[in-house]
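Notes to accompany the following structure.
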Amino acid sequence: MPPLVQTMFRMLILKSFYEHVPITDRSFLQASIPSTIGRLTRLEVLQMKSNKIYGTIPSQLWDLSTLQVLNLGYNDIEGEISSSISNTNLTHLLLGTNILEGTLPSQIGELTNLVQLDLSSNYLSGAVPNELASLSNLVALDLSFNFDLSGSLDGLCNSTMILPQNDTDTTIETPSFFASEPLVCSCCTKI
(Lines give C-alpha, C1' and ligand atoms only; values in the text may rest on other atoms or scores of the structure.)
Protein backbone atom coordinates (compact mmCIF):
# COMPACT_ATOMS: atom_id res chain seq x y z
CA MET A 1 0.00 0.00 0.00
CA PRO A 2 1.44 3.44 -0.91
CA PRO A 3 2.73 5.47 2.08
CA LEU A 4 0.16 8.25 1.52
CA VAL A 5 -2.71 5.74 1.72
CA GLN A 6 -1.23 4.14 4.85
CA THR A 7 -0.98 7.56 6.46
CA MET A 8 -4.55 8.42 5.49
CA PHE A 9 -5.95 5.22 6.99
CA ARG A 10 -3.89 5.75 10.17
CA MET A 11 -5.33 9.26 10.47
CA LEU A 12 -8.84 7.87 10.07
CA ILE A 13 -8.23 5.34 12.80
CA LEU A 14 -6.69 7.90 15.15
CA LYS A 15 -9.65 10.20 14.61
CA SER A 16 -12.29 7.53 15.04
CA PHE A 17 -14.67 10.02 16.60
CA TYR A 18 -15.53 11.14 13.07
CA GLU A 19 -18.77 9.68 11.84
CA HIS A 20 -18.19 9.96 8.08
CA VAL A 21 -15.34 9.07 5.77
CA PRO A 22 -15.92 11.31 2.74
CA ILE A 23 -13.59 9.72 0.22
CA THR A 24 -15.75 10.99 -2.57
CA ASP A 25 -16.42 9.88 -6.11
CA ARG A 26 -13.51 9.73 -8.48
CA SER A 27 -10.77 10.42 -5.95
CA PHE A 28 -8.84 7.57 -7.58
CA LEU A 29 -7.65 6.18 -4.31
CA GLN A 30 -5.77 3.01 -5.22
CA ALA A 31 -5.60 0.71 -2.21
CA SER A 32 -7.21 -2.17 -0.43
CA ILE A 33 -9.40 -1.65 2.61
CA PRO A 34 -7.32 -2.51 5.68
CA SER A 35 -8.72 -4.74 8.41
CA THR A 36 -8.01 -1.91 10.86
CA ILE A 37 -11.09 -0.15 9.51
CA GLY A 38 -12.90 -2.12 12.20
CA ARG A 39 -11.45 0.32 14.74
CA LEU A 40 -13.66 3.12 13.40
CA THR A 41 -16.42 2.20 15.82
CA ARG A 42 -18.44 5.39 15.23
CA LEU A 43 -18.33 5.24 11.44
CA GLU A 44 -21.77 5.82 9.92
CA VAL A 45 -21.01 6.50 6.24
CA LEU A 46 -18.25 5.07 4.08
CA GLN A 47 -18.31 6.50 0.55
CA MET A 48 -15.50 5.13 -1.62
CA LYS A 49 -17.34 4.90 -4.93
CA SER A 50 -15.44 5.22 -8.22
CA ASN A 51 -11.94 4.75 -6.92
CA LYS A 52 -9.48 1.96 -7.56
CA ILE A 53 -10.16 -0.02 -4.41
CA TYR A 54 -9.07 -3.63 -4.82
CA GLY A 55 -8.94 -6.81 -2.76
CA THR A 56 -11.71 -8.21 -0.61
CA ILE A 57 -14.03 -6.51 1.86
CA PRO A 58 -12.50 -7.15 5.29
CA SER A 59 -14.79 -8.98 7.70
CA GLN A 60 -14.15 -6.24 10.29
CA LEU A 61 -16.19 -3.85 8.15
CA TRP A 62 -19.32 -5.92 8.75
CA ASP A 63 -18.74 -5.63 12.53
CA LEU A 64 -19.24 -1.84 12.51
CA SER A 65 -22.64 -1.62 14.17
CA THR A 66 -23.02 2.13 13.53
CA LEU A 67 -22.42 1.87 9.76
CA GLN A 68 -25.50 3.01 7.85
CA VAL A 69 -24.21 3.68 4.32
CA LEU A 70 -21.60 1.57 2.55
CA ASN A 71 -20.87 2.67 -1.00
CA LEU A 72 -18.00 0.78 -2.61
CA GLY A 73 -19.47 0.75 -6.12
CA TYR A 74 -17.35 1.08 -9.27
CA ASN A 75 -14.13 -0.37 -7.87
CA ASP A 76 -12.18 -3.61 -8.28
CA ILE A 77 -13.35 -5.37 -5.13
CA GLU A 78 -13.35 -9.14 -5.46
CA GLY A 79 -14.30 -12.22 -3.52
CA GLU A 80 -17.60 -13.28 -2.04
CA ILE A 81 -20.10 -11.31 0.00
CA SER A 82 -19.49 -12.49 3.55
CA SER A 83 -22.10 -14.48 5.40
CA SER A 84 -21.20 -12.39 8.48
CA ILE A 85 -23.10 -9.48 6.93
CA SER A 86 -25.79 -8.75 9.50
CA ASN A 87 -25.48 -5.07 10.45
CA THR A 88 -29.05 -4.09 11.22
CA ASN A 89 -28.27 -0.35 10.99
CA LEU A 90 -27.21 -0.54 7.35
CA THR A 91 -29.66 1.37 5.13
CA HIS A 92 -27.68 1.57 1.87
CA LEU A 93 -25.46 -1.24 0.58
CA LEU A 94 -23.99 -0.27 -2.78
CA LEU A 95 -21.48 -2.77 -4.16
CA GLY A 96 -22.36 -2.58 -7.86
CA THR A 97 -19.76 -2.74 -10.64
CA ASN A 98 -17.06 -4.72 -8.88
CA ILE A 99 -15.72 -8.26 -9.29
CA LEU A 100 -17.78 -9.93 -6.55
CA GLU A 101 -18.61 -13.58 -7.13
CA GLY A 102 -20.37 -16.50 -5.50
CA THR A 103 -23.91 -16.66 -4.20
CA LEU A 104 -25.92 -14.10 -2.29
CA PRO A 105 -25.76 -15.01 1.40
CA SER A 106 -29.13 -15.49 3.08
CA GLN A 107 -27.90 -13.20 5.89
CA ILE A 108 -28.64 -10.19 3.65
CA GLY A 109 -32.22 -10.78 4.78
CA GLU A 110 -31.14 -9.73 8.29
CA LEU A 111 -30.42 -6.18 7.08
CA THR A 112 -33.93 -5.13 8.07
CA ASN A 113 -33.32 -1.37 7.73
CA LEU A 114 -31.98 -1.69 4.19
CA VAL A 115 -33.56 0.83 1.82
CA GLN A 116 -31.24 0.45 -1.18
CA LEU A 117 -29.36 -2.64 -2.36
CA ASP A 118 -27.16 -2.47 -5.47
CA LEU A 119 -25.20 -5.59 -6.35
CA SER A 120 -25.40 -5.07 -10.11
CA SER A 121 -22.61 -5.74 -12.61
CA ASN A 122 -20.72 -8.36 -10.64
CA TYR A 123 -20.27 -12.10 -11.14
CA LEU A 124 -22.88 -13.33 -8.65
CA SER A 125 -24.65 -16.60 -9.36
CA GLY A 126 -27.20 -19.02 -7.94
CA ALA A 127 -30.68 -18.54 -6.59
CA VAL A 128 -31.71 -15.31 -4.91
CA PRO A 129 -32.31 -16.28 -1.26
CA ASN A 130 -35.90 -16.24 -0.02
CA GLU A 131 -34.71 -14.29 3.04
CA LEU A 132 -34.62 -11.14 0.91
CA ALA A 133 -38.41 -11.11 1.32
CA SER A 134 -37.91 -9.91 4.91
CA LEU A 135 -36.44 -6.60 3.68
CA SER A 136 -39.67 -4.70 4.20
CA ASN A 137 -38.01 -1.25 3.99
CA LEU A 138 -36.31 -1.94 0.66
CA VAL A 139 -37.18 0.66 -1.97
CA ALA A 140 -34.48 0.17 -4.62
CA LEU A 141 -32.95 -3.12 -5.71
CA ASP A 142 -30.52 -3.69 -8.56
CA LEU A 143 -29.22 -7.20 -9.22
CA SER A 144 -28.86 -6.72 -12.98
CA PHE A 145 -25.90 -7.85 -15.07
CA ASN A 146 -24.59 -10.61 -12.88
CA PHE A 147 -23.18 -13.93 -14.00
CA ASP A 148 -26.12 -16.24 -13.40
CA LEU A 149 -28.67 -15.19 -10.78
CA SER A 150 -32.06 -16.85 -10.96
CA GLY A 151 -35.31 -17.03 -9.08
CA SER A 152 -38.29 -14.88 -8.29
CA LEU A 153 -38.33 -11.54 -6.54
CA ASP A 154 -42.09 -11.57 -5.97
CA GLY A 155 -41.52 -12.15 -2.25
CA LEU A 156 -40.08 -8.61 -2.13
CA CYS A 157 -43.21 -6.97 -3.50
CA ASN A 158 -44.26 -3.67 -2.05
CA SER A 159 -45.72 -0.61 -3.68
CA THR A 160 -42.43 1.29 -3.87
CA MET A 161 -40.02 -1.38 -5.10
CA ILE A 162 -38.12 -0.30 -8.19
CA LEU A 163 -35.90 -2.29 -10.52
CA PRO A 164 -34.14 -1.44 -13.78
CA GLN A 165 -36.60 -1.16 -16.66
CA ASN A 166 -36.79 -3.51 -19.60
CA ASP A 167 -39.14 -3.89 -22.55
CA THR A 168 -41.92 -5.96 -20.99
CA ASP A 169 -45.13 -4.42 -19.72
CA THR A 170 -46.11 -6.85 -16.98
CA THR A 171 -42.90 -8.48 -15.81
CA ILE A 172 -39.51 -7.05 -14.99
CA GLU A 173 -36.64 -9.33 -15.81
CA THR A 174 -33.24 -8.33 -14.51
CA PRO A 175 -30.74 -9.35 -17.18
CA SER A 176 -27.75 -11.49 -16.30
CA PHE A 177 -24.64 -11.98 -18.40
CA PHE A 178 -25.27 -15.66 -19.07
CA ALA A 179 -28.45 -16.40 -17.17
CA SER A 180 -30.57 -19.25 -18.44
CA GLU A 181 -33.46 -18.05 -16.26
CA PRO A 182 -33.60 -14.31 -15.54
CA LEU A 183 -34.85 -12.93 -12.26
CA VAL A 184 -38.51 -12.06 -12.47
CA CYS A 185 -40.58 -9.57 -10.50
CA SER A 186 -44.15 -9.22 -11.64
CA CYS A 187 -45.18 -6.60 -9.09
CA CYS A 188 -42.30 -4.13 -9.13
CA THR A 189 -42.32 -0.60 -10.49
CA LYS A 190 -40.16 0.04 -13.53
CA ILE A 191 -37.67 2.92 -13.66
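The values are calculated or read from the model by the stated rules, or taken from the named source; none is laboratory data. Worth saying up front: this structure is predicted, and the values here are computed from it rather than measured. When we count neighbours, we look across all protein chains shown, and the Cβ atoms used for this are built from the backbone with ideal geometry, even at glycine. These accessible areas exclude ligands, DNA and RNA; they are computed on the full protein's heavy atoms, side chains included. Shrake-Rupley method; radii C 1.70, N 1.55, O 1.52, S 1.80 Å.
A few remarks follow.
- Criterion violated by Ser84 - all others in (1) modelled with pLDDT under 90; (2) in contact with a helix residue (DSSP H, G or I) (Cβ under 7 Å, 6 or more places away or on another chain) satisfied: (1)
- Matching residues in segment 117-132 - criterion: being among the acidic types (Asp, Glu) and either open to solvent by 40 Å² or more (accessible area, probe 1.4 Å) or touching a helix residue (DSSP H, G or I) at 6+ places or on another chain (Cβ under 9 Å) (or both): Glu131
- Checking Leu43 against (1) under 15 Å from the mean Cα position of the chain (by Cα); (2) farther than 19 Å from Ser120 by Cβ, the condition it does not meet: (1)
- Residue within segment 164-174 that is of a type in the set (Val, Ile, Thr), crowded, with 20+ Cβ neighbours inside 10 Å and modelled with pLDDT under 90 present: yes
- Positions within segment 66-79 being farther than 15 Å from Asp118 by Cα, assigned to a loop (DSSP other than H, G, I, E, B) and open to solvent by 30 Å² or more (accessible area, probe 1.4 Å), in sequence order: Thr66
- Residue match in segment 96-116 (condition: open to solvent by 20 Å² or more (accessible area, probe 1.4 Å), small (Gly, Ala, Ser), modelled with pLDDT of 90 or more and part of a loop (DSSP other than H, G, I, E, B)): no
- Test: Leu138 is within 21 Å of Asp154 (Cβ to Cβ), hydrophobic (A, V, I, L, M, F, W, C), open to solvent by less than 10 Å² (accessible area, probe 1.4 Å) and not in a loop (DSSP other than H, G, I, E, B): no
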